[in-house]
Amino acid sequence: MTFRTHMDAALHEAKSAAIRDEVPVGAVVVSPSGEVIAVAGNRTRELNDPTAHAEILAIRAACAALGQERLTGHDLYVTLEPCPMCASAISNARIARLYYGAADPKSGGVAQGPRIFAQPQCHHAPEVYDGLSAQASEDLLKAFFAAKRQA
């Protein structure tokens, strides 16, 4: 089976989030057969919900679409390194593989900070692949926050 990235779809969701004045992060859940099950971008401001990160929304939508509480064997593509909350949700959902773009030195929970998947309390750790479309993800975030500072 040939690897196919879904980072373009995640970047599209991140750009849509920026248009909604949300931090531009996008996520895509993909089935073991390669079918896109759910896509989402951040909606914390829109929903007045601090848990409405792209990863959480995509996981919720995928679970609802499949009628199950776990996503065993599924992949998650996200434009930014997941925070500790999202990393815990990824573990609890039993995501098989996590692909992300930009590293997040301030708020990351996978390769930075608490490194959720390396903790003994973590019951499931996905395979992690970082740096996919990292520059595009970083550029989108930097442009968003630069515009905020100038406003």
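The values are calculated or read from the model by the stated rules, or taken from the named source; none is laboratory data. Everything numeric in this text was worked out from a predicted model, so none of it was measured. Cβ: placed from backbone, ideal geometry, glycine included. Neighbour counts: every protein chain shown. Accessible surface areas use protein heavy atoms only, side chains included; no ligands, DNA or RNA. Shrake-Rupley method; radii C 1.70, N 1.55, O 1.52, S 1.80 Å.
Worth a mention:
- Members of the range 1-21 found to be assigned to a loop (DSSP other than H, G, I, E, B) and open to solvent by 30 Å² or more (accessible area, probe 1.4 Å), listed by number: Met1, Thr2, Phe3, Arg4, Thr5, Arg20, Asp21
- All of (1) more than 16 Å from Ala134 (Cα to Cα); (2) open to solvent by 40 Å² or more (accessible area, probe 1.4 Å) hold for Gln112 with one exception: (1).
- Some residue of the range 91-113 being touching a residue at least 12 places away in the same chain (Cβ under 8 Å), part of a helix (DSSP H, G or I), in contact with a Pro (Cβ under 7 Å, 6 or more places away or on another chain) and on the phi < 0 side of the Ramachandran plot: no
- Some residue of the range 129-140 being of a type in the set (A, V, I, L, M), open to solvent by less than 50 Å² (accessible area, probe 1.4 Å), over 21 Å from Glu13 (Cα atoms) and at pLDDT 95 or above: no
- Filter result for Pro82 (open to solvent by 80 Å² or more (accessible area, probe 1.4 Å) and either more than 24 Å from Ile19 (Cα to Cα) or in a loop (DSSP other than H, G, I, E, B) (or both)): no
- Which listed residue is open to solvent by 50 Å² or more (accessible area, probe 1.4 Å) and over 13 Å from the mean Cα position of the chain (by Cα), from Arg60, Arg94, Arg43: Arg94
- Only residues that are assigned to a loop (DSSP other than H, G, I, E, B) and either touching a residue at least 12 places away in the same chain (Cβ under 8 Å) or touching a strand residue (DSSP E or B) at 6+ places or on another chain (Cβ under 7 Å) (or both) were counted in the range 114-130, giving 6.
- Matching option when the condition is assigned to a loop (DSSP other than H, G, I, E, B), touching a residue at least 12 places away in the same chain (Cβ under 8 Å) and more than 18 Å from Gly109 (Cβ to Cβ), among Arg70, Arg45: Arg70
- Qualifying residue in the range 22-38 (condition: in contact with a helix residue (DSSP H, G or I) (Cβ under 6 Å, 6 or more places away or on another chain), at pLDDT 95 or above and open to solvent by 40 Å² or more (accessible area, probe 1.4 Å)): no
- Between Thr51, Thr72, Thr2, the distinction of being at pLDDT below 95 and either over 17 Å from Tyr100 (Cα atoms) or of a type in the set (Ser, Thr, Tyr) (or both) belongs to Thr2 only.
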